[in-house]
Amino acid sequence: MESTSLKSRAIAFAFCIGAVSFILTLVTNADRTFDTARIAQAVTIAIICSIMSWASAERAVASVAEAVDRAIARLTMAAHGDLLSPTPSGVRDHLPHLADALDGLFRQTRSNLESVNTLAMYDPVTSLANRLNFRREADRMLQELAERDFAALLFIDLDHFKAVNDTLGHAQGDQLLGKVANRLRAVAEAERESNPRPGADPLIGRLAGDEFTMLLPGLNDRSDAERVARRVLFALGEPFDIAGQQVDIGASIGIALRPEHGRSLTALMKAADIAMYHAKSRGRSQSQFYSEELAETLAERSQLEKDLRHGIAQKQFSLVFQPQLQIAGDGPPVCEALLRWHHPVLGDRLPGDFIPAAEETGLIIQLGDWVIDNVGRTLSNWASLGLQHRIAINISPRQLERAGFVHRIRQSLAVHMAPPHLLELELTESLAMKCPDDVLADLASLRADGTVISIDDFGTGFSNLGRMLAMPVDRVKLDRCLVDGITRSEEARTIAHAVIGLIHGLGYQAVAEGVESEEQLAMLKAMGCDAVQGYAVAVPMDEDALIRWLAARHQAAS
Ligand code: C2E
Ligand code: CA
Ligand code: CA
């Protein structure tokens, strides 16, 4: 298009030159004769001038057209990804402004692409390799190792990061992550200095949130990996200064070794992840090597979690009740509700097999709600049978942590028209000691309505007696460990006696658990226990069996 218009301009220009030279030839004719020969001469001169000027214009046009073609070809190459080749010299010679513009355009596009690349490969908070980049680099590093070469992959998960993020805010959380990355860099740098051979450089990545990875291709053996993990734990165990505050976090580390636990990055990441999960469940700020047994435990655990979800949906749970013998006063026996799971394949399972998993996964909330609702229904059922037995239920920390716990209890009692004084809540000693003030206030309001609060498993935790005195509590249940030896050992007797005295001294009732023999029962009575629970009184039983047991007792007493 451009060259066509340039050509037509060249033709017009040549035509003009021809016309001018024709006129000039005639005008400059001294004798002013315009015969045929003179005109022919003027025409010839005009044609020669036109051809000459057309030829020279045409040459310039052709060069510009060629330069434009080259510029178009260069742009086509750029469109196919070539941003590095220089602008062709023909373009620069004939169209220098266009050449400058093309150079500037390619330079800018290259720099934009570099920025996009950096964003895609590095985590903007810590400037560490992001997941994609870490995977790619680590894959490459692992592939470059010789068959028997040793390497370790550390999966590092911060321990209390969520709490920092929640309390100090995301900006401070990001600042903390940046500082964590710097400490990891320092550990990697120390490793690099102690082992400067090529290909031995550690690679650090941030996978997501508070998860970091470190690939160490330059180690010699397991103890080397353990040493680095210890260094990381130490580095992250030191307090961080965030916005003038000292923040303690720490980390849990899972370690996978090449070639022992796998050769591919995928296998090593999976192994290190499993190991990290165990390090965390062992109590944080720990490192843990992967092993086959760990993988099995994890598989069992995840199967249990799946079965639990399914079991809740399929209503595979029921309650059994264990009555307590009231010694002081002769009120009707209080019954403790205990969960049972009728597993379709494994048969009946006791709470010890599934409550810990339910607590860890949070499924205890659903199970606990089911228990509360079921107990409400049972109380209303018993009321219709003329039975006035209080039911005690076990409460998990997760349930108490959840807002509106007391509201849900009240609601369930109201739905089933069950009076609050027929409900007792059992909180373990350790849970009771950790209870925040607002929860204690909620419990106190429930207690003011008549609900009985008891401390369970007393003697297994550490109680602060001052705090216990201030708590809204009615009863304290002595754990089985305090009852167990009283018939065999003088010391055990002394301790049980002292504990019962202490509970009474605080103004609460003492209930003994796990009472298995008549001898124990007699001793506990003599020590002044207010109630006893255990196989010597009755085993936990389903609702029908319990109603028969209660009726039989009632008949025997009358
Ligand atoms: P716990 O609250 O200390 O409950 C008493 C446990 O001791 C029950 O075990 C009961 O069957 C057992 N037991 C009763 N008498 C005797 C005895 O004379 N000797 C011996 N050796 N054991 C006796 P179970 O039913 O297996 O429950 C175990 C634990 O599971 C309970 O301990 C409680 O902490 C928890 N649990 C049970 N049901 C629930 C529930 O609905 N919610 C929550 N959060 N936890 C529950
Ligand atoms: Ca209990
Ligand atoms: Ca108990």
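Read-outs: derived from the displayed coordinates by stated rules, not from any lab. Only a predicted model underlies this, so the values are computations on that prediction, with no experimental measurement involved. With ideal geometry, Cβ positions are generated from the backbone for all residues, glycine too; neighbour counts draw on all protein chains shown.
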Quick note, the range 127-268: a/c under 1.5 would make it rounded; otherwise a/b > b/c is prolate and the rest oblate (a ≥ b ≥ c, C-alpha gyration tensor); here it is prolate
For the range 289-438, just the Cα set please: Rg and Dmax, both in angstrom. 17.4, 60
Quick check: the angle from helix 490-505's long axis to the longest principal axis of the chain, C-alpha only, nearest 10 degrees? 80 degrees
Where Lys and Arg each count +1 and Asp and Glu each count -1, what net charge lies around Asn165 among other residues with Cβ under 11 Å from its Cβ? -2
Most exposed first by the Cβ proxy, i.e. fewest other Cβ within 10 Å, how do Asp157, Asp241, Asp224, Asp474 rank? Asp241, Asp474, Asp224, Asp157
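Looking only at the chain, where both bridge partners belong to it, what percent of the DSSP beta bridges are antiparallel (to the nearest 5)?
Percent antiparallel among DSSP bridges in the chain is about 60.
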Neighbour-count ranking [beta-carbon atoms within 10 angstrom, fewest first] of Tyr277, Tyr290, Tyr535: Tyr535, Tyr277, Tyr290
Nearest 500 deg cm²/dmol is fine: what mean residue ellipticity at 222 nm does the chain get from its DSSP H runs of n ≥ 4 alone, each adding -39,500 (n - 2.57), divided by its residue count? -19000 deg cm²/dmol
Which of Leu153, Leu113, Leu400, Leu98 has the fewest Cβ neighbours within 10 Å, and the rest in rising order: Leu113, Leu98, Leu400, Leu153
Rounding to the nearest 10 and keeping the result within 0 to 90°, find how far the Cα-based axis of helix 131-144 lies from the longest principal axis of the chain. 80 degrees
Can you give the FRET efficiency to the nearest 0.05 for Arg340 and His160, using r as the Cβ-Cβ distance and R₀ = 56 Å? 0.95
At each listed q (0.19, 0.21 Å⁻¹), what is the log10 of I(q)/I(0) that the Debye formula gives for the range 467-543 modelled as equal alpha-carbon point scatterers? -0.75, -0.88
Provide, as a two-decimal number, the C-alpha radius of gyration of the range 241-310 over 2.2 N^0.38 Å, N being how many residues it has. 1.39
Local charge sum around Glu300 (other residues, Cβ-Cβ under 14 Å, Lys/Arg +1, Asp/Glu -1)? -4
If you take the Cα Rg of the range 416-558 and divide it by 2.2 N^0.38 Å, with N the number of residues, what do you get? 1.13
Set of lysines near Lys477 by C-alpha distance (under 22 Å), chain-local residues within fewer than 8 positions excluded: Lys434, Lys525
For the range 61-218, using Cα atoms only, the Rg and Dmax in Å read 23.7, 74
Hey, got the Cα dimensions of the range 5-153 along the principal axes, in Å, largest first? 107, 35, 18
I need the per residue convex hull volume for the chain, using only the alpha carbons, in cubic angstrom as a whole number. 305 Å³
Cross-link partners of Lys315 among lysines (Cα-Cα below 24 Å; sequence separation of 8 or more within a chain): Lys306
Taking only Cα atoms, what is the 0 to 90° angle, nearest 10, from helix 363-384's long axis to the longest principal axis of the chain? 40 degrees
